[in-house]
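Report on one structure; see the data block that follows.
The values are calculated or read from the model by the stated rules, or taken from the named source; none is laboratory data. Everything numeric in this text was worked out from a predicted model, so none of it was measured. Note: ideal-geometry Cβ built from the backbone for every residue, glycine included; neighbour counts use all protein chains shown.
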Amino acid sequence: MKRFGVIGTTALFLLAGFAAPAGARQQDQGKSQKQGQESKAPKQKQSKPQGRQRQATKQQAQPRQQQQRQQATKQQSQRQQQARTQTQQRQQRQQPVAWQKQRATNWQSQHRTWRQRGGYNGYRIPTNDYNQYYGQNHMFRINTLRVVYVGSYPRFQYGGFWFSLVDPWPQYWANNWYDNDEMYIAYYGDGYYLFNRRYPRDRIAITFYLN
C-alpha cells in the first residue's frame, strides 16, 4: 500500500512538473503575441503621417510644375514674336528696294495692256470669289497683306491668290504708295489689273498664282 502511495505522489509531482512549463510557455507565447501586436500598431499609425507627407509634397510640386510650363510657354511665345519681328524688319529693309525696281521712268511708253501683250490666257477667278473680294468696292492696302520677295521682286497675297506686277508702276505715284494708297484688283476689258484709287485711269497689268 505504501508503494502505491509513493508512486501516486511521484506521479503527481511529475505531472505538475510538466504542467508548469506548459503554462509558462503559454504565458510566454501570449506575451510575445501581445508584444508583436503592440509593435505592429505604431507602424500602422505611422503610415498615415507618411501618406499626408507624400500628398503635401505632391501638392507643393504641382505649382512648381505649372510655373515651369507657363515659363516655357512664355519663352516660346517670346521666341516666336522675336522671329516675326526679325522677319518684318527684314521685309521693311527689302520693301523699298524691291518696289523701286519696278518703278517706271516713263510709264506712258513703258506699260502695256493685256491686249498689247497678246491677250490674257491665264487662270480666271471664280465668279463667287470675284464678287466677294474683287472690284472697285473691295479696297485694300498692300502693307496690310502678306508680302514675299521672289527674285527680289514683291509678290502679295489677296483673296486666296498671290499676285505680282507685270507692268511697272507710274513714276509719279508716291514713293510709298504700297503703304498708304487704297488699291483694288479688277478684270477690265482684256485681263486683270491693279488700280490705285488716287489714279483711277492708271491700270497695271498683274498676274497671279494659285499657291
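Overview of results
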| quantity | calculated |
| --- | --- |
| Subset tally (residues that are among the aliphatic types (A, V, I, L, M), in contact with a Leu (Cβ under 9 Å, 6 or more places away or on another chain) and closer than 16 Å to Val97 by Cβ) for the range 143-187 | 1 |
| Top-ranked residue of the range 161-211 - restricted to ones that are polar (S, T, N, Q) and touching a Pro at 6+ places or on another chain (Cβ under 9 Å), ranked as surrounded by the most Cβ atoms within 10 Å (Cβ to Cβ) | Asn196 |
| Meets criteria (touching a residue at least 40 places away in the same chain (Cβ under 8 Å) and outside the structural domain of Pro200 (by TED's automatic domain parsing)) for Trp162 | no |
| Conditions (1) out of contact with any helix residue (DSSP H, G or I) (no Cβ under 6 Å at 6 or more places or on another chain); (2) modelled with pLDDT under 95: number failed by Tyr199 | (2) |
